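Notes to accompany the following structure.
The values are calculated or read from the model by the stated rules, or taken from the named source; none is laboratory data. None of the values given here were measured: they were computed from a predicted structure. Cβ atoms come from the backbone with ideal geometry, glycine included; neighbour counts cover every protein chain shown. Only protein heavy atoms, including side chains, enter the accessible area calculation; ligands, DNA and RNA are left aside. Shrake-Rupley method; radii C 1.70, N 1.55, O 1.52, S 1.80 Å.
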Amino acid sequence: MRFSLLLLLYCWPLLAGANVLYRQDFEGDSALGWREAGSGTIQFTEYAGNTTLRLSKRKAATLRLSTAGYEDIRVSMQLAGGGLGRRDACHAELSVDGGETWRTVIEVRDGRDDAVTLYYGRADEPALSNNPKLELRFRAAGRGNSAYCWGDNVTVEGRPAGAAASEPRLTTEFLFSSEPLQGPVDYTAFVGREAADTDPREFRLSLMPRAGSGLRTVLDRFDYEAAGGPALRSFPAIDIELLQAGGKLIPADQGILSTQSLLWEIGFQPGTAWRDSAAGADRFALPFALFEKNANCTHNGVLSWARRDDGTLSRAAFQIASETCPYFKFDMWGMLDIEIADAEIESAPALLRAFEKHRDSRIPVRDIAQLGEAYPDVDTAGFGSLAGMNPDDMSVYGLLVDGIHYRGGCATRYGRYPFCDALLLPSYSTAKSIFAGLALMRLEKLAPGAASLKIAELVPECDSEDWRDVSIENAVDMASGNYDSAVYDEDESAPAHIEFLYAASHEERIRSACRNYPRKAEPGTRWVYRSSDTYVAGTAIRAALARQLGHDADIYDELLVQPILKPLEVSPVLRETRTSYDERQQPLAGWGLTLLADDALKVADWLNTGDGLLDGEKMLDNALYRGAMQRSENDRGLEALGPDTRYNNGFWSLDIRSFIGCEQPVHVPFMSGHGGIVIVMFPNDTVYYYFSDGYRFRWREAAVEANKIRSMCP
């Protein structure tokens, strides 16, 4: 394959306000501007839906760029290797002098060459700024025919020279002015230090979008920007009730709120109020997230406004500069008109007490760097999966050990997110564990034998020969035996299943889930990943619970929120779930939850160390719980993805003995979500998690380091 010898042509002036100057992920078999040299082969290869640039022997691919007029340049590249011998290597390099000399950004050698892991490297040295002779290079240095190198995800970021000094700050004067917000600012501009000291006040805040919000697309795999049009960049109009109590700003409703927007729903978390004495005004900051309608993508931001002592209101500024969304990433910013009116919040004192109770119940947080101080043998670089992940794809990560939450992440493209405790996170398929799996265990505890009830008896749309011998437990295990392809992810990503996921009504979803897949295996014998099976299970659980209670009930509230999640003191946002957009409001069961990092740890720690007990009472069926938590040698679950990976009652597990050097199997249960979400329950009473969106699911290094705290070997 020949690559163009032409330099990449793109218009620098159009990028004058952009943060990303160049990006190449080689999707669409595109490598415009890269020139080849050396002996060997060069071609595009695809694995798990991701395209990379593969080089063999002594082949190199080089790109020349100019960063003239730009500063604070940051270069990132990813690299994998496979089949490398002792003297072979793969290199990602850069040159600041037109190729005269080269320095390494990332290097892969024998021992790290699993042909899968894309290791990440970054460079941000001063010589990259204002440089017309910058060159980037992927280079193979192999001796045999079986040695290969894969390059991917090249990004060059920076800002126009002098832009930092002219960026608008969110001063009180700016908020009261008519100046436009030209672009994103560092998030430190959204928060203050002088806490407001006022009597409690209840009010309704009305947010009214102005035209012309700024939008800068960072990643758009499915052309959302073109399809969304003006609705995409419009902040949803909405009214919210708030309780101001001193320096705290508490939304009365902290769930996901419907809007008139065609694309967005929205959620708010508690924020802050502070005093700007010099301006004679109170300032406010409120964290929020936009949620893609009928999906789980979550885009976090902050809203800020001011009120003078005479009651005059400013405009509100908003900014989004981070997300947990693997296919659509953007920065959005702008100004909103606002109105405030006094309101009477029902049970405002109870709202304040609930806020304080939840705040006090949070697991104590320390920076991930302090883990190394508490456990000197532990290398904290093993957490966050940053060896094989672009840090820009990481939302938040951490390790719970001995009652302390050691946390990292919360980075955005414009500084650290100022409300890390309130960072809203999507569940994606971790809901298959937290919702569907636990609901099954709770139902079986309440009504022994319910897990064996047949789908066809409970779900009329599934009343067919293919479903008559499929139990609720089979469906939760994604082992109905009804599927098109047993190849991992083929059914899940097929067009018919995508239509199922985005259907608005329960009727559309359940008909698709029940009728689209033929019988190919006996139920309970073969695992095939498909969210529609979990949805069928949730529908059947609702019918089975109705039999038990004698009336239709909210299965999420009845089986999980009231008996388990409220006693665990999770946040209000995890006490709600997304449902179908019709009168039935069928819970999605396999996706659609939103949670905080603290919520994830509370649930996982209870499962890991609580033995399913609350106040001495067993809340879950013991056999199903022990199977999911890998406590039963006779119930490991079905093989999934490989012989070391199992799936049981909505939970994954992995035998990590080879990672940590044990002679006997060490089956570790974990939850997993689309895009790069992992919650791992180690048998040494620690919990590791990360929420990311770069399609990386790797926690080998975390297992090795967690094992140093307490051995996991039997």
Given the condition open to solvent by less than 10 Å² (accessible area, probe 1.4 Å) and in contact with a Leu (Cβ under 7 Å, 6 or more places away or on another chain), answer yes or no: does some residue in segment 500-517 qualify? no
Is it the case that some residue within segment 139-155 is within 28 Å of the chain's Cα centre (by Cα), acidic (Asp, Glu) and either within 30 Å of Gly676 (Cα to Cα) or open to solvent by 30 Å² or more (accessible area, probe 1.4 Å) (or both)? yes
For the condition touching a residue at least 24 places away in the same chain (Cβ under 8 Å), closer than 26 Å to Ala381 by Cα, open to solvent by 10 Å² or more (accessible area, probe 1.4 Å) and outside any strand (DSSP E or B), what is the one hit in Arg86, Arg74, Arg58? Arg86
Could you say whether any residue in segment 346-361 is in contact with a Leu (Cβ under 9 Å, 6 or more places away or on another chain), among the aliphatic types (A, V, I, L, M) and within 30 Å of Leu181 (Cβ to Cβ)? no
Please note which strands (runs of 3 or more DSSP E) are completely contained in segment 241-346 and include at least 2 residues that are open to solvent by 20 Å² or more (accessible area, probe 1.4 Å). 271-276, 298-308, 328-342
By residue number, the members of segment 226-239 that are crowded, with 19+ Cβ neighbours inside 10 Å and part of a strand (DSSP E or B) are Ile238
Give all pairs with beta carbons closer than 8 Å in which a residue from segment 249-269 that is touching a residue at least 40 places away in the same chain (Cβ under 8 Å) and at negative phi meets a residue that is open to solvent by 10 Å² or more (accessible area, probe 1.4 Å) and basic (Lys, Arg); count only pairs at least 6 apart in sequence or on separate chains. Gly255/Arg575; Ile256/Arg578
For segment 544-597, which positions are in contact (Cβ under 8 Å) with a residue 40 or more places away in the chain, in contact with an Asp or Glu (Cβ under 7 Å, 6 or more places away or on another chain) and closer than 20 Å to Ala450 by Cα? Leu545
Scan (1) among the β-branched types (Val, Ile, Thr); (2) farther than 30 Å from Ser76 by Cα; (3) surrounded by fewer than 22 Cβ atoms within 10 Å (Cβ to Cβ) for the single condition Ile434 breaks and write down its number. (3)
Any chance segment 450-472 includes a residue that's in contact with a strand residue (DSSP E or B) (Cβ under 6 Å, 6 or more places away or on another chain), open to solvent by 20 Å² or more (accessible area, probe 1.4 Å) and hydroxyl-bearing (Ser, Thr, Tyr)? yes
Give the residues of segment 668-704 that are more than 16 Å from Phe651 (Cα to Cα), of a type in the set (Phe, Trp, Tyr) and assigned to a strand (DSSP E or B), sorted by residue number. Tyr690, Phe691
Looking only at segment 624-643, which residues are surrounded by 15 or more Cβ atoms within 10 Å (Cβ to Cβ), out of contact with any Gly (no Cβ under 7 Å at 6 or more places or on another chain) and either touching a residue at least 12 places away in the same chain (Cβ under 8 Å) or under 21 Å from Thr534 (Cα atoms) (or both)? Leu624, Arg626, Met629, Gln630, Arg636, Leu638, Ala640
When Arg366 is run through (1) surrounded by 16 or more Cβ atoms within 10 Å (Cβ to Cβ); (2) part of a strand (DSSP E or B), the failure sits at (1)
Breaking point among (1) open to solvent by 50 Å² or more (accessible area, probe 1.4 Å); (2) outside any helix (DSSP H, G or I); (3) of a type outside the set (Ser, Thr, Tyr), for Glu492: (1)
For Gly650, the lone unmet condition from (1) more than 26 Å from Leu425 (Cβ to Cβ); (2) open to solvent by less than 10 Å² (accessible area, probe 1.4 Å); (3) touching a residue at least 60 places away in the same chain (Cβ under 8 Å) is (1)
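Open to solvent by less than 20 Å² (accessible area, probe 1.4 Å), within 26 Å of Tyr327 (Cβ to Cβ) and modelled with pLDDT under 95 - does that describe any residue in segment 377-384? Please lay out each step first, then the result.
Let us first name the residues in segment 377-384 that are open to solvent by less than 20 Å² (accessible area, probe 1.4 Å), namely 378, 382-384.
This time we only want the ones that are within 26 Å of Tyr327 (Cβ to Cβ), so: 383-384.
If we keep only those that are modelled with pLDDT under 95 too, we end up with 383-384.
Yes - at least one qualifying residue is present in segment 377-384.
Table: residues versus (1) in contact with a Leu (Cβ under 6 Å, 6 or more places away or on another chain); (2) modelled with pLDDT under 85.
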site	(1), (2)
Leu134	yes, no
Ala141	no, no
Asp152	yes, no
Arg169	no, yes
Glu173	no, no
Glu194	no, yes
Leu207	yes, no
Kindly evaluate Tyr695 against the criterion of being surrounded by 24 or more Cβ atoms within 10 Å (Cβ to Cβ), under 14 Å from the mean Cα position of the chain (by Cα) and under 30 Å from Arg221 (Cβ atoms). no
